[in-house]
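Reading through the structure tokens given below for one structure.
Just so it is clear, none of the values below were taken in a lab; they were calculated from the coordinates. These figures come from a predicted structure and were not determined experimentally. Positions of Cβ are backbone-derived with ideal geometry, glycine not excepted, and every protein chain shown enters the neighbour counts.
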Amino acid sequence: MHLPDPILGGDVSLERTIQQRRTIRSFESRALTLKQFSQLLWAAQGITGKGGFKRAAPSAGALHPMDIYGAIGGDCIEKLDPGVYQYEPANHSISLFQEGDVRRDIAIASLGQMWMAHPPLTLVITAEYSRIMVKYGQRGIRYAMIEAGHIGQNIFLQSQAMGLEAGIVGAFEDEKVIQIMGIKKTHEPLLIMPVGYER
Ligand SMILES: Cc1cc2nc3c(=O)[nH]c(=O)nc-3n(C[C@H](O)[C@H](O)[C@H](O)COP(=O)(O)O)c2cc1C
């Protein structure tokens, strides 16, 4: 499914978003719009340069080892059924990766941080190290982890700019998250970011 085009002129200043950014752990279950989902994915990994290979977040060697998945429940994002969706930066679209609401299972796999089950959207940032290790060897693993941090901050600031809040979670059991989401074992989850309206 092609996503709405991202908006390039928000109402909130960059400085304000930086000043207001906080890790939030208490959320309403209120739904997001497809435009908000689109905007968050664009901020995370959207194509921003001519030629199609420069993105919103920097990437060592522009090798882009990261993927973004969005797990949603029923009535969480307009027009979308519950499931895990994968972002496809090349054409700013999403594809249904796995059916069903896995937010609660992800919360359980995140050492029982059950607050994560409430917001409508759970973004999962994964790294496929082989894409970057071809050039940088072992050091590529470090670079991918640094890249995850850039993507995470973009998600935080974009959330703020739209009146949303985000949490950030690094405490989870990798294998369980991989299994729950049905992703390849070579895609290591590095950060999980629930997004929604603060309660
Ligand atoms: C890599 C990383 C992992 C984190 N993991 C968790 C987590 O598992 N659960 C959680 O509630 N917060 C987690 N946090 C959020 C931090 O606790 C939070 O950033 C810190 O308390 C500072 O608060 P602030 O983000 O509101 O400025 C994590 C933050 C980072 C950067």
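Return the residue satisfying two criteria in turn: it lies in the range 8-27 and is without any contact (Cβ under 8 Å) to a residue 60 or more places away in the chain and part of a helix (DSSP H, G or I), and of such residues it is farthest from the ligand (Cβ to nearest atom). So, considering only residues that are without any contact (Cβ under 8 Å) to a residue 60 or more places away in the chain and part of a helix (DSSP H, G or I), the one farthest from the ligand (Cβ to nearest atom) is E15. Just one of the listed residues (R30, R55) is under 16 Å from Q153 (Cα atoms) and either of a type outside the set (D, E) or in contact with an Asp or Glu (Cβ under 8 Å, 6 or more places away or on another chain) (or both), namely R55.
Matching residues to (1) within 16 Å of the ligand (Cβ to nearest atom); (2) in contact with a strand residue (DSSP E or B) (Cβ under 9 Å, 6 or more places away or on another chain); (3) in contact (Cβ under 8 Å) with a residue 24 or more places away in the chain:
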| site | (1), (2), (3) |
| --- | --- |
| P6 | no, no, yes |
| S29 | no, yes, yes |
| T33 | no, yes, yes |
| Q39 | no, no, yes |
| T48 | no, yes, no |
| D67 | no, yes, yes |
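In this structure, is G163 loosely packed, with under 15 Cβ neighbours inside 10 Å, free of Cβ contacts under 8 Å to residues at least 12 places away in the same chain and at positive phi? Criteria not met by G163.
Among residues of the range 141-174 being of a type in the set (D, E, K, R) and under 17 Å from Q113 (Cβ atoms), the one that is nearest to the ligand (Cβ to nearest atom) is E165. Considering the range 176-188, and only residues there that are closer than 19 Å to E99 by Cα and not in a loop (DSSP other than H, G, I, E, B), the residue that is nearest to the ligand (Cβ to nearest atom) turns out to be V177. Within the range 87-102, can one find any residue that is among the polar types (S, T, N, Q) and within 16 Å of the ligand (Cβ to nearest atom)? No: zero hits. Of all the numbered requirements in (1) in contact (Cβ under 8 Å) with a residue 60 or more places away in the chain; (2) farther than 24 Å from S130 by Cβ, I77 misses one, and that requirement is (1). All of (1) in contact (Cβ under 8 Å) with a residue 60 or more places away in the chain; (2) surrounded by 22 or more Cβ atoms within 10 Å (Cβ to Cβ); (3) of a type in the set (G, A, S) hold for S93 with one exception: (2).
Evaluation of Q98 against the conditions (1) closer than 16 Å to N154 by Cα; (2) in contact (Cβ under 8 Å) with a residue 12 or more places away in the chain shows that the sole unmet condition is (1).
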